[in-house]
Each structure stands twice: as C-alpha cells, then as structure tokens.
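To start, the structure itself, in structure tokens.
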Amino acid sequence: QAALGHASVAHEPTLSCETLIRDRDMRNPSHSPGGTGELFPDATLPLADGRSLSIDSLRVRYDLVILMLGAGAIDPAAARLLDALARGRSVIEGEDGRVLVVHAADRSPVSSEWRWPFPLLLDAHARLHTRVGALDAEGQPTTSLYVTDRYREIYAATRPEQPDWPATVDDVLQ
C-alpha cells in the first residue's frame, strides 16, 4: 500500500498521449480489434478518503474509463463529462466498466468538494500523469481521458480541446 501522497507507479515505458490522440489508426500489436497495443500503466495511488487503490487490482474484471485531471480546479469540460458519466453510471457498470478519476494533487479543495460517485485517486507528484503523457505543452498535468479494456489496453485517448472529446456516456462507450 502506498503512503498517502506517494504514488507507486509500475516501471513501464512512458506513453505519449499526443501520439494516441493524433494517430487513431495505429498499427500496434493488439489482442483485440480497435486496441492500440499500449497498456495503461499500473499504479497504486491514495484515494481522497485515505485508502489506496491499485489500478491493476481491476485488471481482467473491468473495462476502465480513466479521467486524468490536471492540478487545481476541475476543467469545465471534465466536470460536464463527470456529470454525464454519473448519469450513465449504470450503463457503464452494466457493460462491466468502471470510472476512475485521477487528480494531479494531494489533498485539495477538490477532494472535499467531490460530488461524483467515482473513486478520486490522488497523483500528488503527477507521476502517473507523466507516465501516460497527460501533460500540456509546458509539461504540466492536464485533463485527459483514457478508455481501456479489461487488460488495461488503451482504446481511446483524448483531451477536452480535441473534437472527439465525449459529451455523453454513449460517446465514451463507442
């Protein structure tokens, strides 16, 4: 178990969110049609409630929708997506999916104001953000969305400024 505020991130190669976003038709080896061949890294992160969660503990059991939040306030596009995901939670869970939200912060005002029914993981030093390429042009953690299969293979990666940023649960599930 990771101590609160310290992330344990598996040693996997760093992913490039930019590559995943720009090249939607990548020819990487994949065990499933539509996959990228890239795995979302495992990490054990503290939850806002003080417990911790290993992303790998969900492997094989659930497809994942992982919303990475930058440091500071929640991006308005991310808040709208979280609202849509909360409304469609039963649909996601009916498809054996789970939503995880990773905030690039330690305990923060966002944690105390958290209103969505999803685990809020804290990536205090943005190590996981860095591993998956959820960084802006200045290298700061930014909002990004990843959809993986039950083996953590990434099927989609996008950011709010991209035209494929989802607005509904159906957009996410496609």
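The values are calculated or read from the model by the stated rules, or taken from the named source; none is laboratory data. Please read these numbers as outputs of a predicted model, since none were measured by experiment. For neighbour counting, all protein chains shown are included, and Cβ atoms are generated from backbone atoms with ideal geometry for every residue, glycine included. For accessibility, only protein heavy atoms count, side chains too; no ligands or nucleic acids. Shrake-Rupley method; radii C 1.70, N 1.55, O 1.52, S 1.80 Å.
When you look at Arg59, is it farther than 21 Å from Arg152 by Cβ and either among the charged types (D, E, K, R) or surrounded by fewer than 17 Cβ atoms within 10 Å (Cβ to Cβ) (or both), yes or no? Against the criterion (farther than 21 Å from Arg152 by Cβ and either among the charged types (D, E, K, R) or surrounded by fewer than 17 Cβ atoms within 10 Å (Cβ to Cβ) (or both)), Arg59 does not qualify. Which of the residues that make up the range 75-96 are closer than 18 Å to Val132 by Cβ and open to solvent by 40 Å² or more (accessible area, probe 1.4 Å)? Across the range 75-96, the qualifying residue is only Asp75.
Arg152 is checked against (1) open to solvent by 40 Å² or more (accessible area, probe 1.4 Å); (2) touching a Lys or Arg at 6+ places or on another chain (Cβ under 9 Å); (3) of a type in the set (D, E, K, R) and fails just one. What number does that condition carry? With respect to (1) open to solvent by 40 Å² or more (accessible area, probe 1.4 Å); (2) touching a Lys or Arg at 6+ places or on another chain (Cβ under 9 Å); (3) of a type in the set (D, E, K, R), Arg152 is out only on (1). Given the structure, is Val99 open to solvent by 20 Å² or more (accessible area, probe 1.4 Å), within 26 Å of Asp49 (Cβ to Cβ) and within 14 Å of the chain's Cα centre (by Cα)? Taking the combined requirement at face value, the residue does not satisfy it. Going through (1) farther than 22 Å from Leu39 by Cα; (2) free of Cβ contacts under 8 Å to residues at least 12 places away in the same chain one by one, Asp171 falls short only on (1). Just one of (1) assigned to a loop (DSSP other than H, G, I, E, B); (2) farther than 27 Å from Thr36 by Cβ fails for Asp83. It is (1). Look at (1) surrounded by fewer than 18 Cβ atoms within 10 Å (Cβ to Cβ); (2) within 15 Å of Ala43 (Cα to Cα) and you find that Leu67 fails only one, number (1). Within the range 105-142, if we keep just the residues that are open to solvent by less than 10 Å² (accessible area, probe 1.4 Å) and in a loop (DSSP other than H, G, I, E, B), the residue that is farthest from Leu39 (Cα to Cα) turns out to be Asp123.
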